[in-house]
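Trainee: The structure that follows is given in the form of structure tokens.
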Amino acid sequence: MYVKIRAVDVVRVPPERLGDDLQVVVTEMLQEKLEGRLDKKLGMLIAILDIVDIKEGRILIGDAGVYYETVFDALVFRPTMQGIVEGEVVEIVEFGAFVEIGPLDGLLHISQITDEYISYDEKGAKLVTRDTGRTLGEGDKLRARIVAISLNERDPSDSKIGLTMRQPGLGKLEWIEEDREKDKERERAKEKDKAKDTDKDTDKDKDKEEKKKEEKKGKKKKEKHR
């Protein structure tokens, strides 16, 4: 979800900053201009990492500033369809939970939490499953898959990201750990059953061998009597 990219942009250095360290000024200008900006193709630019190259400055008639074409590395948050994300529940509502994933929030609709019926506990600000009594509330950490993306460049806070936990390996982190322990217990039980079956088969084989030996002894006795 977090990607390092190399990009190019033109930075205007105002006349009052022309005597300062160029790299420092260009970095500050890029941070002010781009950090927190959302682009549908690139994603949300989180931070300017390094200035790679600053080309020769250009001036325009009637403008006292100097323009520098700059190559830089940046950290970008880029949500992708079917991507697995981990986040924290920041709000519980009647129809689901809002989850903070990086700089954006995703919606985990109540129908995408689990196969169980879920009720909304308004006083406790929690969603509760009927059969197992599991709860989902603010501050809970979870793992989900992105199933819908609609980014709003003008107003990033209005972007919509749909999430689901109704797949293996997804869910509230505590639930995932509980399910793992249950799976381990099932495996142990299966191994015990296999061991019991093996012991039974071994006992049966021993009984067969004993019967064969007895039959052989009986035949030898009969032959002696003849």
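The values are calculated or read from the model by the stated rules, or taken from the named source; none is laboratory data. Not measured: the values here are computed from a predicted model. All Cβ positions, glycine included, derive from the backbone under ideal geometry; neighbour counts span all protein chains shown.
Trainee: Would you mention how many residues in the range 1-45 are in contact with a Gly (Cβ under 8 Å, 6 or more places away or on another chain), closer than 28 Å to Ile161 by Cα, not aromatic (Phe, Trp, Tyr) and not in a loop (DSSP other than H, G, I, E, B)?
Mentor: Of the residues in the range 1-45, 3 are in contact with a Gly (Cβ under 8 Å, 6 or more places away or on another chain), closer than 28 Å to Ile161 by Cα, not aromatic (Phe, Trp, Tyr) and not in a loop (DSSP other than H, G, I, E, B).
Trainee: Condition test on Asp73, is it in contact with a Lys or Arg (Cβ under 7 Å, 6 or more places away or on another chain), part of a strand (DSSP E or B), among the acidic types (Asp, Glu) and in the same structural domain as Val25 (by TED's automatic domain parsing)?
Mentor: So Asp73 fits the description; yes.
Trainee: Could you list, in sequence order, all residues of the range 1-35 that are touching a Leu at 6+ places or on another chain (Cβ under 7 Å) and either touching a residue at least 60 places away in the same chain (Cβ under 8 Å) or more than 17 Å from Val71 (Cα to Cα) (or both)?
Mentor: Tyr2, Lys4, Ile5, Asp9
Trainee: Here's another thing I want to ask about it. Any residue in the range 145-152 that is more than 28 Å from Val76 (Cα to Cα) and touching a helix residue (DSSP H, G or I) at 6+ places or on another chain (Cβ under 6 Å)? Quick ask: steps written out before the conclusion?
Mentor: We begin by selecting, within the range 145-152, every residue more than 28 Å from Val76 (Cα to Cα); these are none.
Checked against the condition, which is being more than 28 Å from Val76 (Cα to Cα) and touching a helix residue (DSSP H, G or I) at 6+ places or on another chain (Cβ under 6 Å), the range 145-152 yields no hits at all.
Trainee: With the condition kept exactly as written, say whether any residue in the range 49-61 is of a type in the set (Lys, Arg), surrounded by fewer than 16 Cβ atoms within 10 Å (Cβ to Cβ) and part of a strand (DSSP E or B).
Mentor: yes
Trainee: Which fully enclosed strands (runs of 3 or more DSSP E) of the range 89-196 have 2 or more residues being farther than 30 Å from Gly36 by Cα and touching a Lys or Arg at 6+ places or on another chain (Cβ under 8 Å)?
Mentor: Details: elements: 96-101, 104-109, 118-121, 126-129, 135-137, 141-150, 160-164.
Passing ranges, in order: 118-121.
Trainee: Can I ask one more? Pick from Ile101, Ile110: which is under 22 Å from the mean Cα position of the chain (by Cα) and touching a residue at least 60 places away in the same chain (Cβ under 8 Å)?
Mentor: Answer to the check: Ile101.
Trainee: Here's a follow-up. Right, Leu60: touching a Pro at 6+ places or on another chain (Cβ under 9 Å), modelled with pLDDT under 95 and of a type in the set (A, V, I, L, M, F, W, C) or not?
Mentor: No.
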